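In what follows, a structure is listed as structure tokens, so that the remarks can point back to it.
The values are calculated or read from the model by the stated rules, or taken from the named source; none is laboratory data. Note that the structure is a prediction, hence the values are computed from the model and not measured. Ideal geometry is used to build each Cβ from the backbone, glycine not excepted, and the neighbour counts take in all protein chains shown.
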């Protein structure tokens, strides 16, 4: 097998074996009342298009090691406006702008609110 073919096969396998479900715990107050600190949630791999009202998980643009959960407030082309339900306690698109849809990899389950 050529090096190029082996690399392509390895990349394909890496995409196929990515986790589909992760567990998480809510920290912070940005999604109150839908989600409260200490609540256990599931993160499901995003396998369908986003819709307004979905609660999603993504890496914060300025802190990629932190995963945030926010609600999709608007969709515009390849970008989503993400807002916390508790505006006074939320760092969201009002601060860091729209987020590329390609950067949103997870849905939060159970979906609540909106």
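Residue-wise test of (1) modelled with pLDDT of 90 or more; (2) at positive phi; (3) touching a strand residue (DSSP E or B) at 6+ places or on another chain (Cβ under 9 Å).
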residue	(1), (2), (3)
17	no, no, no
27	yes, no, no
31	yes, no, yes
34	yes, no, yes
37	yes, no, yes
41	yes, no, yes
45	yes, no, yes
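How about segment 29-55: which of its residues are under 9 Å from residue 69 (Cβ atoms) and assigned to a loop (DSSP other than H, G, I, E, B)? Show your work before the answer.
Going residue by residue through segment 29-55, those that are under 9 Å from residue 69 (Cβ atoms) are 30-31, 35, 41, 43, 55.
The answer is 30, 31, 35.
Is there a residue being out of contact with any helix residue (DSSP H, G or I) (no Cβ under 9 Å at 6 or more places or on another chain) and surrounded by 10 or more Cβ atoms within 10 Å (Cβ to Cβ) anywhere in segment 70-80?
Yes.
Any chance you could count how many residues in segment 81-110 are more than 12 Å from the chain's Cα centre (by Cα), surrounded by fewer than 15 Cβ atoms within 10 Å (Cβ to Cβ) and within 27 Å of residue 19 (Cα to Cα)?
The qualifying residues number 1.
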